[in-house]
Amino acid sequence: MAKIESAFLDLTYLDRLATGTTVVHRLDPRVKVLTAALFVVCVVSFDKYVVAAMLPFAVYLMIIMRLGEIPAGYVINKLIVASPFALMVGMFNPFLDQQTVLLLGSWAISGGWVSFLSILLRFCLTVTAMLVLIATTGFNQVCLALERLGIPNIFAAQLLMLYRYIFVLLEEGQRMHRARTLRSFQQRGMGMKQYAYLLGQLLLRTIDRGQRIHLAMLCRGFDGTIRIRQTLRITTRDIVVFLAGGMVLVAMRRFNIALLLGNFITELLQ
Amino acid sequence: MHMADALLSPTVGGAMWTATAGTIAVCARKVQRDLDDRKVPLMGVLGAFVFAAQMINFTIPATGSSGHLGGGMILAILLGPYAAFLTIASVLTVQALFFADGGLLALGCNIFNLGFFPCFIAYPFLYRPFAGSNPTPMRIAVGAVLGGIVGLQLGALAVVTETVLSNISELPLQAFLAAMLPIHLGIGLVEGLVTAAVVSFIWKARPEILRYTAESRPLGHLGLKKVLVGLGAAALITGGALSWFASSNPDGLEWSMAKASGREELETPATGIHRLLAGIQEHTSFLPDYGFKNNGTEPASAAQSQPSWPAVDKGTSTAGLVGGSLTLALAIMIGLLFRKRKQTP
């Protein structure tokens, strides 16, 4: 199983993308967090048979991805890996809802297929929005933004601490996993008992590490509260971008732009 | 078992977000008041430990499949429920952001499903009574297995409830339950067994680690009941407010209600909430419905006969298809243009 390796690669890759300096990267993280939240709320608040009206949101995301220089191939890869649950649950819609809602010539399309398509589109849009947020902002900046937006200080500290040590412990886990795999022939040693011992060992090391970190923090004057020194400064540009981006999102939610476009084209053709 | 944004309505998602945010606030206050600053770095590294542990698999004998640790129970045992909840929440946040497990809106659901039940139900009511303050491997095993199973069953039940209430998926409650609960019975059993084995190992190697949390009082002064009532009220209020915002389509929800009221198994308190929300929504909807547009509202009494919604409207459909394909083409074009530029330099 290369799962632990791929997790490590994902984390480092997204971390590297977040060090970019494009227009999107330079925006205030609070603006990006709030816009992403608004985006997701707009998308999921569509009725379940809506497909066309959601497509302008894909255009919106594509423009941001382009400005932020996020490779589309990576995003598509992640979408495929993450899709099973939504896919499995949505898959039943075509069988359960067979009422015809759309006629293409003599070809009747049932409501189930439309809502299944809608679920897939929702999935792509919401997951991509999240990946774009993290790839253009970076985890530390997202945490900082969340702290400024009012999540409890200790939770923000926990998120930062976790992120810092994920890399360390993934490496440690990876070494132990590799050592076990090398000593296991024909699945012997890959069972639950050895797994529990392995995790127990890793846990003991982790707890020792925690104690060492605590002592190191005490040496540097830790008194029980985490202080986050970094400051964020919001500029007029950030506010303008936030308002404009938000207004576009609300407009796309409020008006069916794809339908308006379609009306315009069909009338033009007649 | 991560909930996805795609299957969630804003009402359900928002209500679960509120419940989760409330729990996080309570836990944060509690941990900060504890004045045990050893826990701050310990929570961080244990979160990272769970993260790494989830990535390592073991083979389950006779099935050919593989399992791994979920981590909720073990964190509750090592850190106590409040700190454990914060740690699980942080792990799920990282998973949502980096691995697309769930989503931004679904994060509230996921933290609640995977954190609340192990920390505040399974740990205080099952693990602690069975394991006691002076545990033996047997008592640890019984407590951990029971806790693991109950925690995951409740989590799976919550996933099903959230999905059905959101009404994006057509899966009926019974079929979904019949699929989810047995699977999670197995997952819960594995989770319990692994937790028991790891905790017993720690108990043999370094008993003082477990004694430390076993001695601290389980749920402190904050009554669980008070917390639950507060959370429920907060979730209801947000749900109501959000459904006002999200009411894009009154007949969609009504339609689902009509379908739901034809079945007796939905006569739970949850239906009451749903009905209430739908009522609020009906009166306050301001966003027009489009897509497959139809007349205003469908009488809710049309429970028996299949309502004719959504009706086929050819003109709207054609325009929608044309506009939709053009927009899609535009999105793809931007993507392709981008790729070309990326390759050329």
### Task
Within the range A:28-61, work out how many residues are in contact with a Phe, Trp or Tyr (Cβ under 8 Å, 6 or more places away or on another chain) and under 17 Å from B:Gly323 (Cβ atoms).
6
### Query
Do the conditions hold for A:Ala216, that is, is it assigned by TED's automatic domain parsing to the domain that holds A:Met91, farther than 30 Å from A:Gly90 by Cβ and modelled with pLDDT of 90 or more?
no
### Message
On the basis of being in a loop (DSSP other than H, G, I, E, B) and either more than 7 Å from chain A (Cβ to nearest Cβ) or closer than 22 Å to B:Val145 by Cα (or both), does B:Gly102 make the cut?
### Response
yes
### Residues being part of a helix (DSSP H, G or I) and of a type in the set (Ser, Thr, Tyr) - total across the range A:30-54
1
### Query
Somewhere in the range A:234-244, is a residue part of a loop (DSSP other than H, G, I, E, B) and surrounded by fewer than 15 Cβ atoms within 10 Å (Cβ to Cβ)?
yes
### Message
Only one of A:Val127, A:Val101, A:Val142 is assigned by TED's automatic domain parsing to the domain that holds A:Tyr49 and either aromatic (Phe, Trp, Tyr) or touching a strand residue (DSSP E or B) at 6+ places or on another chain (Cβ under 8 Å) (or both). Can you tell me which?
### Response
A:Val101
### Query
Do any residues in the range A:221-248 that are within 14 Å of chain B (Cβ to nearest Cβ) have Cβ atoms under 9 Å from those of residues that are acidic (Asp, Glu), where the two are at least six apart or on different chains, and which pairs are they?
A:Phe222/B:Asp37; A:Asp223/B:Asp37; A:Gly224/B:Asp36; A:Gly224/B:Asp37; A:Thr225/B:Asp37; A:Ile228/A:Glu147
### Query
Can you find even one residue in the range A:194-209 that is outside any helix (DSSP H, G or I) and at the interface with chain B (Cβ under 8 Å from one of its Cβ atoms)?
no
### Query
For B:Gly44, are the conditions met, namely being surrounded by fewer than 24 Cβ atoms within 10 Å (Cβ to Cβ) and of a type outside the set (D, E, K, R)?
no
### Query
In the range A:47-75, which residue that is among the aliphatic types (A, V, I, L, M) and free of Cβ contacts under 8 Å to residues at least 60 places away in the same chain is surrounded by the fewest Cβ atoms within 10 Å (Cβ to Cβ)?
A:Leu67
### Message
Restricting to the range A:99-136, and then to whatever is more than 10 Å from chain B (Cβ to nearest Cβ) and assigned to a strand (DSSP E or B), can you tell me which residue is farthest from B:Asp101 (Cα to Cα)?
### Response
A:Trp107
### Message
Any residue that is within 30 Å of A:Ile76 (Cβ to Cβ), buried (at least 24 other Cβ atoms within 10 Å of the Cβ) and either touching a strand residue (DSSP E or B) at 6+ places or on another chain (Cβ under 9 Å) or not aliphatic (A, V, I, L, M) (or both) - is there at least one of those in the range B:115-123?
### Response
no
### The listed residue being within 11 Å of chain A (Cβ to nearest Cβ) and either touching an Asp or Glu at 6+ places or on another chain (Cβ under 8 Å) or within 30 Å of A:Gln98 (Cβ to Cβ) (or both), out of B:Val194, B:Val164
B:Val164
### Message
Take residues that are more than 7 Å from chain B (Cβ to nearest Cβ) and not hydrophobic (A, V, I, L, M, F, W, C) and tell me which of the helices (runs of 4 or more DSSP H) falling wholly in the range A:55-97 contain 2 or more.
### Response
A:55-68, A:72-82
### Query
Can you name the number of the only condition in (1) over 30 Å from A:Lys32 (Cβ atoms); (2) touching a Lys or Arg at 6+ places or on another chain (Cβ under 8 Å); (3) outside any helix (DSSP H, G or I) that B:Ile168 fails?
(1)
### Task
Residue by residue through the range B:18-39, note down the ones that are of a type outside the set (Asp, Glu), facing chain A (nearest Cβ under 7 Å) and under 17 Å from A:Gly224 (Cβ atoms).
B:Ala28, B:Val31, B:Gln32, B:Leu35, B:Arg38
### Query
What is the number of the single condition among (1) of a type outside the set (Ser, Thr, Tyr); (2) under 24 Å from A:Ala86 (Cβ atoms); (3) in contact with a Ser or Thr (Cβ under 6 Å, 6 or more places away or on another chain) that B:Gly47 does not meet?
(2)
### Message
Looking at the range A:174-187, can you tell me whether even one residue there is assigned to a helix (DSSP H, G or I) and either within 7 Å of chain B (Cβ to nearest Cβ) or touching a His at 6+ places or on another chain (Cβ under 6 Å) (or both)?
### Response
yes
### Task
Out of A:Met1, A:Met54, report the one residue that is at pLDDT below 85 and of a type outside the set (Asp, Glu).
A:Met1
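Residue by residue, here is whether (1) over 24 Å from A:Val127 (Cα atoms); (2) in contact with a helix residue (DSSP H, G or I) (Cβ under 6 Å, 6 or more places away or on another chain); (3) outside the structural domain of B:Thr161 (by TED's automatic domain parsing); (4) not polar (S, T, N, Q) holds:
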| residue | (1), (2), (3), (4) |
| --- | --- |
| B:Ala15 | no, yes, no, yes |
| B:Ala21 | no, no, no, yes |
| B:Arg29 | yes, no, no, yes |
| B:Gln32 | yes, yes, no, no |
| B:Arg38 | yes, yes, no, yes |
| B:Val50 | no, yes, no, yes |
| B:Thr59 | yes, no, no, no |
| B:Ser65 | yes, no, no, no |
### Query
Out of curiosity, is A:Pro94 surrounded by fewer than 19 Cβ atoms within 10 Å (Cβ to Cβ), assigned by TED's automatic domain parsing to the domain that holds A:Lys32 and farther than 30 Å from B:Pro172 by Cα?
no
### the range A:159-192, subset loosely packed, with under 15 Cβ neighbours inside 10 Å and in contact with a strand residue (DSSP E or B) (Cβ under 9 Å, 6 or more places away or on another chain), residue nearest to B:Asn57 (Cα to Cα)
A:Gly191
### Task
Please enumerate the residues belonging to the range B:31-48 that are among the β-branched types (Val, Ile, Thr) and under 25 Å from the mean Cα position of the chain (by Cα).
B:Val31, B:Val45
### Message
Among the residues in the range B:119-135, are any free of Cβ contacts under 8 Å to residues at least 60 places away in the same chain, part of a helix (DSSP H, G or I), over 29 Å from B:Ile209 (Cβ atoms) and not aliphatic (A, V, I, L, M)?
### Response
no
### Task
Mind listing just one residue for me: the one in the range B:41-67 that is more than 7 Å from chain A (Cβ to nearest Cβ) and free of Cβ contacts under 8 Å to residues at least 12 places away in the same chain and, of those, nearest to A:Arg164 (Cα to Cα)?
B:Ser66
### Query
Got at least one residue in the range A:137-159 being acidic (Asp, Glu) and assigned to a helix (DSSP H, G or I)?
yes
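The values are calculated or read from the model by the stated rules, or taken from the named source; none is laboratory data. Remember, it's a predicted structure, so these values are computed and weren't measured experimentally. Glycine gets a Cβ as well: all are built from the backbone with ideal geometry, and neighbour counts include every protein chain shown.
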